[in-house]
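Just so you know, all these numbers are worked out from the coordinates, no wet-lab data involved. All of these numbers come straight from a predicted model, not from anything done at the bench. All Cβ positions, glycine included, derive from the backbone under ideal geometry; neighbour counts span all protein chains shown.
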Amino acid sequence: MTTPFVDIAIIGGGPGGLALAQGLKKNGIDTAVFERDPVRADYVQGFRMRIRQRGIDALQANLPPHLYQAFLDTLGLAPTETLILDEGFNRVEDAGQATREPEDTHIEKSVSRITLRQILLSGLDGIFQSGKRFERYETLRDDTVVAHFSDGTAVRANLLVGADGAGSAVRRQLLPDLGSIDTGVRRLAGKIALDAAARHGISPLLTEFNTNIRPRDGRGLMITSHRVDPSAYARHDFIDGEDPGHADIPGFHFNNSTSYTWWNTAYDTDELGSDGVLERLDGAALIETLLRRIGHWDERILRLIRHSDPSTVAFLKVKSSTPGRVWQTGPVTLLGDAIHAMTYFRALGGNTALYDSGLLARELVAARRRGKPQRAAVNDYENAMRDHGYEAVRSSLSAMQRNVGANRPLKAVPAL
Ligand SMILES: Cc1cc2nc3c(=O)[nH]c(=O)nc-3n(C[C@H](O)[C@H](O)[C@H](O)COP(=O)(O)OP(=O)(O)OC[C@H]3O[C@@H](n4cnc5c(N)ncnc54)[C@H](O)[C@@H]3O)c2cc1C
């Protein structure tokens, strides 16, 4: 049996892979996305993502106008003003203006990951295939590449794009010794629906602002909100408020049609408890653990944590890639977290994956429509992608040091 052929094969249907597929489809380039999971139900999928101008520009370039409009219309509303409070609920002047990086002042919005995925999947029938776990590739003498999947199928392509996230199996084969770094930072986050917050008398200072709790001693807490406009979904009836794939998952976590306030905090390893213990705790027990740690804080802050929905609370180890690796261009390339996974500080990871998809789509259009040799196009993409991607990794690590380590240095933040 002959192996099916596609011009550009994309492994992974995250924001980066799907945005690339949209950009190629828009330009009439033959492509297919091979995704492992039929439903995206990892913990962060229940949250909004901060989307910055570089991500928005890439979406505008890659999406057809009606999908870009749907993206703009369904953006969530985030608070525009920032407030800094100490642990006693007293206002603190912001002394950090000067240390902010230029991009922090750029336009940014709050996008539901669930809605973004629905938009990015629209119109990809016949291009997006789930249940396809990539296992390995082989390059052929004619410079094409064959991707093999765990169901025994395979596809041959002119270019294989590994957009399969931080644990990328494509990267493991292309750059076998490039591992990830455990930064030693441990994160807890949770959500409360805005109507529940009102019922529990949560202070508007915690629901109407981007509020940073900056205690005199110990780690801070970041609080913000994501407000949903249900009428926006009604105007774009090809987007559902909810992802039907989440229907059987109990709790509020994957509810996509209710406005919410959410918080996150980060500690050094072992500060809240050992990894082994924290990894086994459910949301309710994690809330109790955090409350024990910050029990001396003002009751108005504790109330927000106490009434958060336990299904939305989880423990995460913060990891990063090591930036800097350069390789020789061939018929396999990488995009997004697959090559430059970064900490969530500064909210650059998803934006950088989208930015990559814009760069690569543009180069592949030059290769397919204007006669630029594929090798040169992919090489130009890789050089630009590494420049901005590795810079984003470094910048997210230094933001993490400033944020989490503001009052006490962190044990394991690597010097890069
Ligand atoms: C707590 C947290 C908060 C964050 N907040 C923000 C934020 O506010 N703004 C921002 O820009 N970024 C944020 N990020 C980063 C952002 O989530 C990632 O950078 C982004 O999801 C990367 O997109 P991607 O498409 O490269 O990879 P992913 O989103 O990881 O997608 C990879 C896809 O590949 C699939 N896959 C994996 N292995 C295989 C395989 N073997 N075969 C086939 N498919 C496979 C996966 O199922 C997945 O669908 C945050 C991250 C975290 C952890």
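Separation of the range 21-60 and the range 166-231 by C-alpha centroid, Å? Here the answer is 21 Å between Cα centres.
Among Trp263, Trp297, Trp327, the largest mean-square fluctuation in a Gaussian network model of the chain, built with springs joining Cα atoms closer than 10 Å, belongs to Trp327. R0 = 35 Å: FRET efficiency of Arg91 with Ala284, Cβ-based, nearest 0.05? With R0 = 35 Å, the Cβ-Cβ based efficiency is 0.65. How much of the DSSP bridge set in the chain is antiparallel, in percent, rounded to the nearest 5? Roughly 70 percent of the beta bridges in the chain run antiparallel, per DSSP. For the chain, hydrophobic long helices are taken as DSSP H runs at least 24 Å long by C-alpha position along their axis with mean Kyte-Doolittle hydropathy of -1.0 or more; these are 349-369, 374-404.
Charging the Cβ of each Asp and Glu at -1 and of each Lys and Arg at +1, and nothing else, the dipole of the chain about its Cα centre rounds to 520 debye.
Checking the table Lys109/Lys132; Lys25/Lys372; Lys25/Lys132; Lys191/Lys319; Lys26/Lys319 against a 24 Å threshold on Cα-Cα, which pairs fail?
Working: Lys109/Lys132 32 Å; Lys25/Lys372 19 Å; Lys25/Lys132 20 Å; Lys191/Lys319 22 Å; Lys26/Lys319 34 Å.
The answer is Lys109/Lys132; Lys26/Lys319.
Here Arg375 and Asp125 are evaluated by their C-beta separation; at R0 = 22 Å the FRET efficiency comes out at 0.10.
Extending 7 Å from Cα along the Cβ direction at Asp142 and again at Leu72 yields two label points whose distance is 4.4 nm.
Relative to the present Cα-Cα distance, how much length would full extension add between Trp327 and Thr2 at 0.36 nm per residue of separation?
On the way: separation 325, 0.36 × 325 = 117.00 nm, distance 3.11 nm.
Fully extending the segment from Trp327 to Thr2 adds 113.9 nm.
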